[in-house]
Structures are given as structure tokens and as C-alpha cells.
Amino acid sequence: MKIITILGARPQFIKAGSVSREISKCKDINEIIVHTGQHYDVNMSDIFFDEMKIPKPNYFLGIGGKSHGAMTGQMIEKIEEVILKEQPDWILVYGDTNSTLAGAIVASKLHIKLVHVEAGLRSFNMRMPEEVNRILTDRVSQILCCPTNTAIQNLKNEGYENFDCKIVKSGDVMQDGAIFYKNLAVKPSCKISDKYVLSTIHRAENTDNLNRLNSIVKSLNEVNKNRQVILPLHPRTKKILEKNNIKTNFTIIDPVGYLEMIWLIDNCDLVMTDSGGLQKEAFFFKKPCITLRDETEWVELIENRFNVLVGADKDKILHAYNNYIFSDKFDINLYGGGKASKNIVVELLEF
Ligand code: UD1
Ligand code: UDP
């Protein structure tokens, strides 16, 4: 069986770290990796391939740093060329980025079977590019690998049981990675206090709205007076902070590789983020999380009080920081327990 995996952005490399390792154990599957180039800095891309021993991409399309339309359109064109040449049995896509959507569209036009890892997630906010990407991708997939019960229920609510596709509760591939790489974690070289908050900000809804971005930065400046805030800075956010001369007084570091990142998560007291993946990783490493968004796809974290949604309002952020009572009952299986990659490979072989 020949599978073409489409990767392009940081969280996809991390997810592929676990699934590609599982695929490589299976003699019956030949995986060919296509890197769209959506993320291209060394510490946003190559570092993950090196650290997680993901096979080097067979194709690198070099399409990054463009508008949504240009990026997605050019990816579709180039991925189609690869697929026509390679004639795979399956296309494998992860998550909800523009690279995911481009792979899904090519699969549907060329009638190649599509497997979507992280299917069924919904924020119900159609202004998010990710929400549109994941809905369109789900609709043309033959296997929908859902990380959670909520994701399965979302698909059922949208009538997917009547569609020609297979809905699978695979569990969450990021949990596989968190378990596998935990013992390989590496302490970053920056100055790190005993107690610190780990933060990331990169979502368009925060970076492209200066009121929201200013309010989040002011909140982190305030938190930093009480406890060190360490923030590995996404290049998107870096450019906008610099362009608008927004002042920060917390510890900003360059984006780190996954091994340093899991060290930072494992040793922090609290996570404050707008990242999807990091919200779950906080839970995997038994850390509370304040989410700087108005909604989340990972609703089970909110329901169980491991995570609180505060948006970008400074008062709400600081109120949650000072007062929110998080649950510490982390021993609950919300994401499948680390067998998602195995489950996905079994589904592919049995389909
Ligand atoms: C993308 C995904 C988002 C995901 C995030 C993970 C979409 C629509 N969004 O957002 O869901 O959470 O990746 O990090 O696909 N840049 C660099 N170097 C890089 C990568 C990006 O400088 O290696 C800069 C470029 O100026 C680029 C900007 O960041 O224009 C945004 O990158 P892009 O891939 O368009 O979106 P992300 O914000 O990274
Ligand atoms: N991450 C990382 N280095 C960083 C910041 C994040 O390795 O400097 C990891 C993080 O631990 C998680 C993944 O990147 O595994 C999440 O990606 P991101 O926040 O970019 O995207 P999202 O999950 O929001 O789509």
C-alpha cells in the first residue's frame, strides 16, 4: 500500500512523528512524505524531522509565507503533480491547516482515498480559517480518525453516519508523542525560574487584532511581575509585535524544538496559550491551562476544569490567573491513552 502524507506546519510534524514511526514498522505500507513548505524556518520545521526522526520529505514544495488563497492554490497545483506521478492508494492529512485542505482537495478531485487525522473537531467559529479547513477536509475523507468522543458526536450531528465514510475513535496522536518523547526532553538554555508560566500566542484571531494582542501582552506583562513568563515566540507574532512596537517585559525565546518544548511543559506551573496542541499537552503533563481564545475544540478539558477559556480580555485573564480553581484529577482517559497511531495504521490496513 502506498500512502502520501501531506505535512506543512509545526503541529503536523509533531503528529507525524508518532504516526510515521508506526507506519515504518509495517512492511506493507510505503509512506511518501510531501512537505508543502508552509513552515520553513529551521526551528519551525527541520528541527522536528531531526529530533523526532521523521523520514526526510520525498518532496519539498517550498510554498510558505503567502496569503491563504495563494498558498492553498499553489499547494493544490503542486500536490496534484506529485499524486499523478506517484499514484498512491491513500493520502494522509493531519489537523486543520491550509496544507491539510490542499491535500484534501487534491484527493477528492483525483478520487484518491483520504484519511484525516484529527477529524470531527469543531470550534463552531466559521471565521477561523482552521474551522473551514477541517470541515471541508472531513467531508471528503474516507476514514475520519477522531481523537475524542466529542469529535465523533460532532460528525454524527452533521449527518456523517449517512455519508460514505468510516468514523473511527482513534484517540489523540499528540498523546502518543507526549508519552514517547517525555524521557527525551531537553532543558532549554535560557534562564528559567523554579516557578514559571509557559505561554504561546500565534492564532490569527489574536495576532491580527491589535486590541486583542495588546491586551494579552499587557496581561502577560502583569503575570510576569508575579511569576516568570516564558514565551517561545512564533514568527507570525514576532513580526506583528515588532511592526507595532508592542513592549513586552517577559522572557521571549525563539521557537524551540519539541524536546525542549516538552521539558518546558513538564516543568512549568501553568500554561497560558492560544495553541490547540499545547492545551492538550498541558493536560498530558498534568498542568492547568488558561486558554486565550473565545472557544476551543478541546471542550472536555473545559468541562473537567483542567482548562479555562478567557479570550483576550485583560481583566478576565488576570481574574482566571489569580482565582480560577483547576481540577487536579488528571488521571482520566480523555484522549485514548497513547495508542492512536497504532489504531490509525490498523484502520488503514483493514479498510
Ligand atoms: C498555521 C495554521 C494554524 C496553526 C499554525 C501552527 C493555517 C490557516 N494556520 O498558522 O492553524 O496553528 O500554523 O503553528 O494553516 N512564518 C515564518 N516562518 C515560518 C513559518 C511562518 O516566518 O517558518 C511567518 C510568515 O510570515 C507567515 C506567517 O508566519 O506568513 C504565518 O504563517 P502561516 O503558515 O500562514 O500561518 P500560521 O500562523 O503559522
Ligand atoms: N511547539 C514547539 N515549539 C514551540 C512552540 C510549540 O514544539 O516553540 C509545539 C507544541 O508543544 C505543540 C505544537 O507545537 O506540540 C503546537 O503547535 P502550534 O501551537 O504551532 O499549533 P496549533 O496546535 O495551535 O495548531
Exercise for review: Kindly indicate whether Leu278 is in contact with a helix residue (DSSP H, G or I) (Cβ under 6 Å, 6 or more places away or on another chain) and open to solvent by less than 20 Å² (accessible area, probe 1.4 Å).
Suggested key: no
Point to revise | The listed residue being touching a residue at least 60 places away in the same chain (Cβ under 8 Å), in contact with a strand residue (DSSP E or B) (Cβ under 8 Å, 6 or more places away or on another chain), surrounded by 18 or more Cβ atoms within 10 Å (Cβ to Cβ) and not polar (S, T, N, Q), out of Leu92, Leu114 | key: Leu92
Review point. Considering the range 88-111 alone, what residues qualify as being within 13 Å of ligand 1 (Cβ to nearest atom) and either assigned to a loop (DSSP other than H, G, I, E, B) or touching an Asp or Glu at 6+ places or on another chain (Cβ under 7 Å) (or both)?
Key: Tyr94, Gly95, Asp96, Thr97
Practice item. Can you confirm whether the range 209-228 contains a residue that is touching a helix residue (DSSP H, G or I) at 6+ places or on another chain (Cβ under 7 Å), under 21 Å from Val42 (Cβ atoms), within 16 Å of ligand 1 (Cβ to nearest atom) and touching a residue at least 60 places away in the same chain (Cβ under 8 Å)? Key: no
Exercise for review: Quick one: Glu118 ticks every box in (1) away from ligand 1 (no atom under 12 Å from the Cβ); (2) at positive phi except a single one, so which number is it?
Suggested key: (1)
Review point. Yes or no: Ile76 within 15 Å of ligand 2 (Cβ to nearest atom), free of Cβ contacts under 8 Å to residues at least 60 places away in the same chain and either in contact with a Gly (Cβ under 8 Å, 6 or more places away or on another chain) or open to solvent by 10 Å² or more (accessible area, probe 1.4 Å) (or both)?
Key: no
Check your understanding: Taking Gln12, is it within 16 Å of ligand 2 (Cβ to nearest atom), assigned to a loop (DSSP other than H, G, I, E, B) and within 16 Å of the chain's Cα centre (by Cα)?
Key -> no
Point to revise | Matching residues, the range 31-62, being within 12 Å of ligand 1 (Cβ to nearest atom), crowded, with 18+ Cβ neighbours inside 10 Å and farther than 20 Å from Ala107 by Cβ | key: His39, Met44, Ser45, Ile47, Phe48
Exercise for review: Output the residues belonging to the range 15-48 that are within 15 Å of ligand 2 (Cβ to nearest atom), farther than 20 Å from Asp172 by Cα and out of contact with any Ser or Thr (no Cβ under 8 Å at 6 or more places or on another chain).
Suggested key: Tyr40, Asp41, Val42, Asn43, Met44, Ser45, Asp46, Ile47
Point to revise | Among residues of the range 237-256, those that are within 12 Å of ligand 2 (Cβ to nearest atom) and crowded, with 18+ Cβ neighbours inside 10 Å, counted | key: 3
Check your understanding: Taking strands (runs of 3 or more DSSP E) that do not extend beyond the range 118-202, which have at least 3 residues that are within 16 Å of ligand 2 (Cβ to nearest atom) and open to solvent by 40 Å² or more (accessible area, probe 1.4 Å)?
Key -> none
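The values are calculated or read from the model by the stated rules, or taken from the named source; none is laboratory data. Values in this document were obtained by computation on a predicted structure and should not be read as measured data. Because the Cβ atoms are built from the backbone with ideal geometry, glycine has one as well, and the counts that use them run over all protein chains shown. Only protein heavy atoms, including side chains, enter the accessible area calculation; ligands, DNA and RNA are left aside. Shrake-Rupley method; radii C 1.70, N 1.55, O 1.52, S 1.80 Å.
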